[in-house]
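Peer 1: I have a structure here, written as structure tokens, and I will follow up with some questions on it.
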Amino acid sequence: EEEPATEIPAASKRMYSISSPLRAIIRLRRQYRGQKKSRLHLELPREKPSELVHTRLLQRQLSLNRTGLYGPSMSLFNQSSFESSQYFTFDTSVEQYAMKKCRRKKNRRKSRMVLYPDKTKRYLPTEEKSKAKRCLLLLIVIVFFQILNAIENLDDNLQKYDLDGLEKTMHREVFGQKVAVESIMELLKDYLATHVHNKPLVISLNGPTGVGKSHVGWLLAKHFRSIMDNDFVLQYFVMHHCPSGMALLTCEIDLSKKISDMVTRAEIEEKIPLFILDEVELMSPVLLDTLSRFFEPNQTNEFLNAIYILISNIGGGEITKFVIQNASAEILHQQRGAEELLSIVQPVLIDVHPLWKAADIIPFVLLEKTHVINCFLEEMRREGLYPDQKHVENLASQLSYYTTEDKQYSRMGCKQVVAKVNLL
């Protein structure tokens with residue numbers, strides 16, 4: 001009984017050879033459809049209606065029954081694949097698959113770089129500008145205009161006082177005191193550049209007699225009277241306003257009243273008054289104490305806006321000694337020499353009274369013989385005389401001098417020049 005089963009007729013062999021490729025094609029097509037349906041199954045919502053699932057199972061069963069005509073082996077395989085597809089689901093991995101799919105799409109979008117050439121790029125993407133940059137730019141512009149306005153105000157204030165004209169006048173009429181004149185002008189320019197100050201300006205002119213201290217005070221008073229008015233300039237001479245027979249209390253009250261009244265009037269008109277106090281070495285300690293109270297920084301605003309010029313011969317001996325000792329060193333016209341001279345004079349002034357701690361001390365040095373000759377020429381021109389150079393040198397040689405190796409310094413400066421010219 002087993003032998004007939006083993007023998008296969010030739011016709012069936014031919015049929016098998018023809019149907020095997022066809023079955024392979026059908027198998028591949030069925031697998032493709034199965035994969036396609038499984039993908040559709042994944043893309044559908046997770047909770048499907050029971051009727052839709054049932055209809056899909058019936059459609060798959062019918063398709064498998066149709067293919068059962070090709071052989072029992074194929075129907076068995078299809079049945080097993082159907083059962084496996086019926087019981088195998090992707091419920092646990094649907095969300096992961098969806099996330100992977102989204103990531104793939106994003107990666108594809110990122111990888112697709114679109115280049116816009118300059119010729120074809122007609123519409124550029126709009127850039128969002130930050131408002132903080134605009135605010136910062138506006139702030140910078142405001143600060144710039146504020147600084148510019150402040151600089152213009154400083155220039156206007158200095159032009160109001162005409163300090164350039166004052167400087168030219170002082171260089172032309174004050175002889176032998178170039179460093180002192182430059183120091184005075186620098187202090188005045190810094191102080192008069194604004195009307196708001198934290199302390200008054202106190203300038204102390206110190207040196208021996210006849211070197212031009214009182215002449216500088218006279219030039220300052222003349223210039224500021226022409227700019228502001230006579231009401232805001234006070235020239236106080238101790239021997240005239242407070243003679244030896246007057247009571248000190250009366251002098252103190254009088255000086256305090258003059259300073260207070262002038263400062264109050266100047267503050268109303270927004271001007272800075274000028275006080276020139278000559279012969280300070282003759283002031284009593286009571287008057288010096290009165291002045292020191294006006295120099296303090298802790299005062300009302302109107303007393304902080306004032307200029308005080310103190311003229312005295314205190315420290316003149318120390319200056320004379322220093323000039324004679326350093327005549328050949330040529331340091332008198334240098335900044336280093338001025339600093340050394342200041343370090344010598346300042347302790348002497350502070351020993352007299354502490355008010356010089358608040359003052360800017362400017363030493364006046366001795367005048368040479370050439371400076372005295374210039375004093376004679378200026379005074380004779382002022383009197384309408386046209387002197388001869390030899391005659392002027394003869395007049396200058398009649399004065400007494402400190403003689404060093406190659407220079408002569410006048411003992412009395414230009415003090416006797418006016419008297420000599422009046423005798424002509």
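Peer 1: Just one of the numbered conditions (1) surrounded by fewer than 19 Cβ atoms within 10 Å (Cβ to Cβ); (2) touching a residue at least 12 places away in the same chain (Cβ under 8 Å); (3) part of a loop (DSSP other than H, G, I, E, B) is not true of Glu340; which one?
Peer 2: Result: Glu340 passes all but (3).
Peer 1: What are the pairs with Cβ atoms under 6 angstrom where one residue, in segment 400-422, is closer than 26 Å to Arg382 by Cα and the other, located anywhere, is basic (Lys, Arg) and assigned to a loop (DSSP other than H, G, I, E, B)? Sequence gap at least six, or different chains.
Peer 2: That search, which allows pairs on different chains as well, returns Ser400/Arg411.
Peer 1: Identify, from the list Glu379, Glu368, the residue that is within 18 Å of Gly317 (Cα to Cα) and at pLDDT 85 or above.
Peer 2: Matching residue, one of Glu379, Glu368: Glu368.
Peer 1: Of these, Tyr386, Tyr401, Tyr409, which one is more than 22 Å from His171 (Cβ to Cβ), open to solvent by less than 50 Å² (accessible area, probe 1.4 Å), not assigned by the TED database to the domain that holds Glu296 and not β-branched (Val, Ile, Thr)?
Peer 2: Being more than 22 Å from His171 (Cβ to Cβ), open to solvent by less than 50 Å² (accessible area, probe 1.4 Å), not assigned by the TED database to the domain that holds Glu296 and not β-branched (Val, Ile, Thr) holds for just one of Tyr386, Tyr401, Tyr409, which is Tyr401.
Peer 1: In addition: For segment 276-327, which fully contained helices (runs of 4 or more DSSP H) count at least 2 residues that are at positive phi and not charged (D, E, K, R)? Lay out the reasoning, then the answer.
Peer 2: Numbers: elements: 285-295, 301-304, 316-325.
Hits in segment 276-327: none.
Peer 1: Further, regarding this structure: Against the definition (out of contact with any helix residue (DSSP H, G or I) (no Cβ under 8 Å at 6 or more places or on another chain) and open to solvent by 60 Å² or more (accessible area, probe 1.4 Å)), how does Lys357 come out, yes or no?
Peer 2: Answer is no for this residue.
Peer 1: How about segment 157-195: which of its residues are loosely packed, with under 14 Cβ neighbours inside 10 Å and without any contact (Cβ under 8 Å) to a residue 40 or more places away in the chain?
Peer 2: Gln159, Asp164, Lys168, Arg172, Glu186, Asp190
Peer 1: If Glu252 satisfies every condition in (1) open to solvent by 10 Å² or more (accessible area, probe 1.4 Å); (2) touching a Phe, Trp or Tyr at 6+ places or on another chain (Cβ under 9 Å) but one, which is the exception?
Peer 2: Going through (1) open to solvent by 10 Å² or more (accessible area, probe 1.4 Å); (2) touching a Phe, Trp or Tyr at 6+ places or on another chain (Cβ under 9 Å) one by one, Glu252 breaks only (2).
Peer 1: So which residues in segment 391-402 are in a helix (DSSP H, G or I) and over 57 Å from the mean Cα position of the chain (by Cα), if there are any at all?
Peer 2: Once the filter is applied, which keeps residues that are in a helix (DSSP H, G or I) and over 57 Å from the mean Cα position of the chain (by Cα), segment 391-402 yields His391, Asn394, Leu395, Ser397.
Peer 1: When the residues of segment 220-246 are narrowed to those that are at pLDDT 90 or above and over 38 Å from the mean Cα position of the chain (by Cα), which ends up least open to solvent (accessible area, probe 1.4 Å)?
Peer 2: Of everything passing the filter in segment 220-246, Tyr236 is least open to solvent (accessible area, probe 1.4 Å).
Peer 1: Could you tell me whether any residue of segment 376-390 is outside any loop (DSSP other than H, G, I, E, B) and touching a strand residue (DSSP E or B) at 6+ places or on another chain (Cβ under 9 Å)?
Peer 2: Within segment 376-390 (the criterion being outside any loop (DSSP other than H, G, I, E, B) and touching a strand residue (DSSP E or B) at 6+ places or on another chain (Cβ under 9 Å)), the answer is no, since none of the residues qualifies.
Peer 1: Here's a follow-up. Could you list, in sequence order, all residues of segment 272-291 that are surrounded by fewer than 20 Cβ atoms within 10 Å (Cβ to Cβ) and closer than 18 Å to Ala221 by Cα?
Peer 2: Matches in segment 272-291: Glu279 only.
The values are calculated or read from the model by the stated rules, or taken from the named source; none is laboratory data. This one's a predicted model, so the numbers in the text were calculated from it and none came from an experiment. Every residue, glycine as well, gets a Cβ built from its backbone with ideal geometry; the counts of neighbours run over all protein chains shown. These area figures cover heavy atoms from the full protein model, side chains too; ligands, DNA and RNA do not enter into them. Shrake-Rupley method; radii C 1.70, N 1.55, O 1.52, S 1.80 Å.
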